[in-house]
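Asks: There's a structure below that I have some questions on.
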């Protein structure tokens, strides 16, 4: 089976995440897409991140009963900083030997791959699927060939969907008491409101 892997803080998960997962699934004929929420994201060490339990619950609400969307807690349960290569190794150990993993990441992140932890090893463990990010140019995998030989053959660059939604934007809107119903699933919006996340306590949804 071909299986997609979409990692992130998901604070909160939004419609853009779901659209990217669906686009990758249909374009690459993926049997399923696994969402991997970060436990202790080293790249956000100086930022305040919502507790893992809340981020996971929002993911569960967003995914619902969709059979081909899954959640893995391996980074939540791992102690210390999480590196993508460790996550992919663990996932491969849990799957069938013939299963192939497709790591889904944004255009912006794709161009930083040479700076990741053990990028050459990671490239040997999975393929890369790059999704559009508003404000960023479409990447050319050939530009990474000097640093990561063979990357062009291990990458798929998607042209869609282009969705201008970010978790940072959502948190700001919630803190200002603004409506987010067009940015997150309805159940996620209600969860944020009910639990007073991002400064939403005692504020109306619109």
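Asks: Do we find that residue 31 is under 19 Å from residue 156 (Cβ atoms), in contact (Cβ under 8 Å) with a residue 60 or more places away in the chain and more than 12 Å from the chain's Cα centre (by Cα) in this structure?
Replies: The answer is no for residue 31.
Asks: Please go through the range 124-139 and give me each residue that is touching a strand residue (DSSP E or B) at 6+ places or on another chain (Cβ under 9 Å) and exposed (fewer than 13 other Cβ atoms within 10 Å of the Cβ), ordered by number.
Replies: Scanning the range 124-139 gives a single hit, 138.
Residue-wise test of (1) surrounded by fewer than 23 Cβ atoms within 10 Å (Cβ to Cβ); (2) at pLDDT 95 or above; (3) touching a helix residue (DSSP H, G or I) at 6+ places or on another chain (Cβ under 7 Å); (4) within 20 Å of residue 95 (Cβ to Cβ).
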{"residue": "25", "(1), (2), (3), (4)": "yes, yes, no, yes"}
{"residue": "29", "(1), (2), (3), (4)": "yes, yes, no, yes"}
{"residue": "33", "(1), (2), (3), (4)": "no, yes, yes, yes"}
{"residue": "42", "(1), (2), (3), (4)": "yes, no, no, no"}
{"residue": "47", "(1), (2), (3), (4)": "yes, no, no, no"}
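Asks: Looking at 174, 157, 184 in this structure, which one is under 17 Å from the mean Cα position of the chain (by Cα) and surrounded by 20 or more Cβ atoms within 10 Å (Cβ to Cβ)?
Replies: Residue meeting the stated conditions: 184.
The values are calculated or read from the model by the stated rules, or taken from the named source; none is laboratory data. Just so it is clear, the structure is predicted and the values come from calculations on it, not from any experiment. Note: ideal-geometry Cβ built from the backbone for every residue, glycine included; neighbour counts use all protein chains shown.
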